[in-house]
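Beneath this line is the structure, given in structure tokens, with notes to follow.
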Amino acid sequence: MKSLTQIFDLTAEEVFGIVRQAFVFKEKLETGVRKENLLDGRGVALVFEKPSLRTKVAFEVATTSLGGIPVFLSSGQIFASGGYEQGRESIPDIARNLERFTDLIIARVYRHETIQILAQSISKPIINALCDKHHPTQALADFMTIMWHKPAWQKMKVAFVGDGNNVATSLMQICALVGMHFSIASPPGYEIPKNECEKAIDMAKKTGVQLEFFTDPREAVKQADVVYTDTFVSMGQEEETAKRLKDFSEYQITDELLKTAKSDVIFMHCLPAHRGQEVTDEVMDGAHSVIFDQAECRLHIAKSLLAHYCRI
Ligand code: CP
Ligand code: NVA
């Protein structure tokens, strides 16, 4: 079974199938179906080198409510405090042990290479629950949120303002794959890595959408249907906080900036948000914000991914 290391591991058909199934799980929950036995006792290892609220809770609740057994392993349990590199055993050995106990490994790590090593070490699938370069489970939930709030989502414009980081990269990839225009404004030096842009530009040519790269947030947000931001300081970048806050000082999402988007724009944020930094309280709590629906979609997508990757 193929792993989910990044969005481009999926075809557009697979993305549509996963999101469609996630809407089925959403409807079931709304009609009171809290538990079913789809996973039938399968083990799901959650290997997290970094903190998490949404991803951890979504996958643990999803696994249990589908009849699986979630096993959460934080950094200190199987790795030394420095992460895998200084751990108790090698990354391939960790994977080879876990595949004897579980059917799926969900891993949140510092380096994308760690995800690749995990995936190459065993035949059972790995799901990337965030690394330095990608956050594919987030992007799937983001797409579900857009479909929820914008039923005519095809060829709509998604604008990201801020760091060209893991979240921005996966969002760009999913837009290019399913056919939504994507624009981004980042300060010089904080752009999405060139190789990731090139792959997405190739994909966008096939799906007939535009990818645009700016430094001015107003350029990116102009007439957008969706405005999205993320923290200026990702996990692992804490030492750069002072410099980053200075470099990103012009990139805050404010009511004034949102006015340059379409009047029915939705505001999205993967969370955790740093209110008063990348976004104001007014926008977070305002009429355009769908951030908690977006967080909820993490649960429905988690269930759908478990069903997909446990071959059910
Ligand atoms: N958006 C997201 O991945 O949240 P957590 O870091 O809390 O899992
Ligand atoms: N870019 C952020 C996303 C958190 C969900 C980080 O990597 O910390």
Restricted to segment 104-117 and to residues being surrounded by fewer than 24 Cβ atoms within 10 Å (Cβ to Cβ) and not polar (S, T, N, Q), the residue nearest to ligand 1 (Cβ to nearest atom) is Tyr110
Answer residue from segment 121-158, given it is within 16 Å of ligand 2 (Cβ to nearest atom) and small (Gly, Ala, Ser) and is nearest to Phe23 (Cα to Cα) among those: Ala141
Condition test on Glu198, is it within 18 Å of the chain's Cα centre (by Cα), among the acidic types (Asp, Glu) and in a helix (DSSP H, G or I)? no
Going through segment 212-236 one residue at a time, which ones are buried (at least 18 other Cβ atoms within 10 Å of the Cβ), over 14 Å from Gly164 (Cβ atoms) and among the small types (Gly, Ala, Ser)? Ala224
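How about segment 159-190: which of its residues are within 16 Å of ligand 2 (Cβ to nearest atom) and β-branched (Val, Ile, Thr)? Please lay out each step first, then the result.
Taking segment 159-190 first, the residues within 16 Å of ligand 2 (Cβ to nearest atom) are 160-174, 184, 186-187, 190.
Matches in segment 159-190: Val161, Val167, Thr169, Ile174, Ile184.
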Can you tell which of Leu46, Leu53, Leu73 is more than 14 Å from Ser304 (Cα to Cα) and loosely packed, with under 12 Cβ neighbours inside 10 Å? Leu53
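Just the residues that are outside any helix (DSSP H, G or I) and within 11 Å of the chain's Cα centre (by Cα), please, taken from segment 130-164.
First pass over segment 130-164, keeping only residues outside any helix (DSSP H, G or I): 130-135, 150-164.
Within segment 130-164, Leu130, Cys131, Lys133, His134, His135 qualify.
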Take segment 213-230 and flag every residue that is of a type in the set (A, V, I, L, M, F, W, C), in contact with an Asp or Glu (Cβ under 9 Å, 6 or more places away or on another chain), under 12 Å from Lys157 (Cβ atoms) and in a strand (DSSP E or B). Val226
Scan segment 244-254 and give yes if some residue there is surrounded by fewer than 18 Cβ atoms within 10 Å (Cβ to Cβ), closer than 30 Å to Leu4 by Cβ and either within 15 Å of ligand 1 (Cβ to nearest atom) or more than 16 Å from the chain's Cα centre (by Cα) (or both), otherwise no. no
What's the number of the only condition in (1) closer than 19 Å to Trp148 by Cα; (2) crowded, with 20+ Cβ neighbours inside 10 Å that Ser263 fails to meet? (2)
Count - residues of segment 77-126 that are over 12 Å from Val47 (Cβ atoms), in a helix (DSSP H, G or I) and modelled with pLDDT under 85: 2
Note on segment 285-295: residues out of contact with any strand residue (DSSP E or B) (no Cβ under 6 Å at 6 or more places or on another chain) and in contact (Cβ under 8 Å) with a residue 12 or more places away in the chain are Gly286, Asp293, Ala295
Under 8 Å between Cβ atoms, which residue pairs at least 6 apart in sequence (or on different chains) link something in segment 132-160 that is surrounded by fewer than 20 Cβ atoms within 10 Å (Cβ to Cβ) with a partner that is in a strand (DSSP E or B)? His149/Ile266; Lys150/Val226; Lys150/Ile266; Lys155/His181; Met156/His181; Met156/Val226
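The values are calculated or read from the model by the stated rules, or taken from the named source; none is laboratory data. Because the structure is a prediction, the values reported are computed rather than measured. Glycine also receives a Cβ, built like all others from the backbone with ideal geometry; neighbour counts cover every protein chain displayed.
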